Amino acid sequence: MSAAATGMGVAIVTGGSRGIGRACALGLAEDGYDVVVNYAGNKVAADETVAAILAKGRKAVAIQGDVGSEGDVLAMFAAADKLGRLAVLVNNAGVIDRAQRVEDYDLARLERMMTINVIGSFLCAREAVKRMSTRHGGKGGAIINLSSIAPTLGAPGQYVDYAASKGAIDAMTLGLGREVAAEGIRVNAVRPGLIETEIHASGGIPDRVSQLADTIPIKRGGSAEEVAECVRWLASDKASYVVGAILTVSGGR
Ligand code: NAP
């Protein structure tokens with residue numbers, strides 16, 4: 001019987017209800033994982049994603065929780081423990097904000113951005129390491145962080161705070177990757193460019209990808225599935241010697 005048929009363990013995908021996270025959740029289910037689909041508030045989308053995974057013959061649960069809340073993160077991992085052995089964490093949940101210059105940022109904006117994008121990723125990585133590390137009796141695993149090409153561009157006049165939050169993710173990927181490499185855990189990141197999801201509408205520019213498509217060397221935005229393919233590869237044994245890497249998925253941008 002193939003590994004996919006017997007099950008590969010559990011994958012937690014934060015922000016797995018929509019966009020890139022949803023594509024990762026569905027793809028990892030195809031690869032044989034049972035999936036925890038975390039979401040912030042859109043229960044309908046989360047339930048749809050879970051139904052699509054169940055239809056593939058894998059287990060799945062939708063778990064509401066803000067990754068920036070320690071209590072919510074602990075509850076999500078406790079729910080995952082009930083499903084089986086944690087094998088993969090995709091640190092995908094992330095937010096942008098309205099395009100603004102830095103001098104116009106208020107504290108609430110900065111706190112939200114850093115709490116969700118940076119602290120949320122750290123809290124989830126911490127809980128994953130406790131379960132995966134051979135140091136704690138675990139059997140290893142893979143953590144994949146969603147970075148962005150924003151730190152390579154700086155996002156001036158728009159989202160310097162977002163770019164900085166993803167720069168922190170790049171540093172965490174390298175540092176944690178080296179910290180736990182000998183304990184059976186591979187930590188890597190993908191660095192998407194402009195991907196067709198609803199995140200751009202949440203920042204007030206729904207047609208951002210089509211507006212900028214001509215500036216992308218490949219002349220189009222990417223799909224969530226094109227990013228998820230890279231996440232799936234990093235989660236798999238095919239990437240067995242890849243540690244602390246940041247894989248750019250940007251059509252050349
Ligand atoms: P999206 O379409 O806006 O979806 C965001 C997902 O994250 C949703 O499932 C949402 O849940 C969830 N979420 C938001 N805040 C959360 C929180 N505090 N706790 C838990 N879940 C939360 O975003 P996306 O475009 O797929 O982006 C996914 C990741 O890729 C992000 O980290 C983003 O920064 C990164 N990225 C995206 C692009 C791009 O062009 N799209 C480029 C580079 C990097 P609900 O459904 O409940 O709202």
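Amide H to amide H distances under 5 Å link ILE63 with VAL37, ASN38, TYR39, where only residues 5 or more positions off or on other chains count and H is placed in the peptide plane. Each other residue within a Cβ distance under 12 Å of GLN100 adds +1 if Lys or Arg and -1 if Asp or Glu, for a net charge of -2. Surface composition of the chain: carbon plus sulfur atoms contribute 54% of the solvent-accessible area (1.4 Å probe, protein chains only, all chains present). Per-residue Karplus couplings for the range 198-214, computed as 6.51 cos²θ - 1.76 cosθ + 1.60 with θ equal to phi - 60°, are listed in order as 7, 4, 5, 5, 5, x, x, 10, x, 9, 4, 5, 5, 4, 9, 3, 5 Hz, Gly and Pro entered as x. Ranking ARG98, ARG208, ARG112, ARG135 from most to least accessible surface, computed with a 1.4 Å probe over the protein chains only, gives ARG135, ARG98, ARG112, ARG208.
Accessible surface calculations at 1.4 Å, restricted to protein heavy atoms, place the range 3-249 at 44 Å² per residue.
Between helix 120-132 and the chain there is an angle of about 20 degrees, using the helix long axis and the longest principal axis of the Cα atoms. Counting only alpha carbon atoms, the long axis of helix 160-180 and the longest principal axis of the chain meet at about 30°. Straight-distance candidates among the aspartates and glutamates for linking to LYS219, with alpha-carbon spacing under 17 Å and chain neighbours fewer than 8 residues away dropped: GLU196, ASP207. Among GLU103, GLU127, GLU198, the largest mean-square fluctuation in a Gaussian network model of the chain (Cα springs under 10 Å) belongs to GLU103.
Volume per residue of the convex hull around the Cα atoms, evaluated for the chain, comes out as 120 Å³.
Helix 43-55 against the longest principal axis of the chain: what's the angle in degrees, Cα atoms only, rounded to the nearest 10? Here the helix axis deviates by roughly 40 degrees.
Once ligands and nucleic acids are excluded and a 1.4 Å probe is used, how much of MET172 is accessible, expressed in Å² to the nearest 10? MET172 exposes around 10 Å² with every protein chain in place. Basic side chains Lys and Arg get +1 at the Cβ, acidic Asp and Glu get -1 at the Cβ, and with that the dipole of the chain about its Cα centre reaches some 600 debye. Between VAL187 and ILE143, GLY244, the built amide H atoms are under 5 Å apart, and every one of these is 5 or more places off in sequence or on another chain. Highest GNM mean-square fluctuation among GLY120, GLY27, GLY175, for the chain modelled with Cα contacts below 10 Å: GLY175. Karplus-based coupling profile of the range 81-94, in residue order and whole Hz: 4, 5, 7, x, 6, 6, 10, 9, 10, 10, 7, 9, 3, x, with θ = phi - 60° in 6.51 cos²θ - 1.76 cosθ + 1.60 and x standing for Gly or Pro. My understanding is that a pair violates if its Cα-Cα distance is over 23 Å; which of LYS43/LYS82; LYS43/LYS139; LYS82/LYS166; LYS59/LYS166 do that in this structure? With Cα atoms farther than 23 Å apart: LYS43/LYS139; LYS82/LYS166; LYS59/LYS166.
The residues packed around GLY252, meaning those with a beta-carbon under 12 Å from its beta-carbon, carry a net charge of +3 if Lys and Arg are +1 and Asp and Glu are -1.
The values are calculated or read from the model by the stated rules, or taken from the named source; none is laboratory data. Since we're looking at a predicted model, the values are computed, not measured. Please note: Cβ atoms are built from the backbone with ideal geometry, for glycine as well, and neighbour counts cover all protein chains shown. Areas reflect the complete protein model, heavy atoms only, side chains present, ligands, DNA and RNA absent. Shrake-Rupley method; radii C 1.70, N 1.55, O 1.52, S 1.80 Å.
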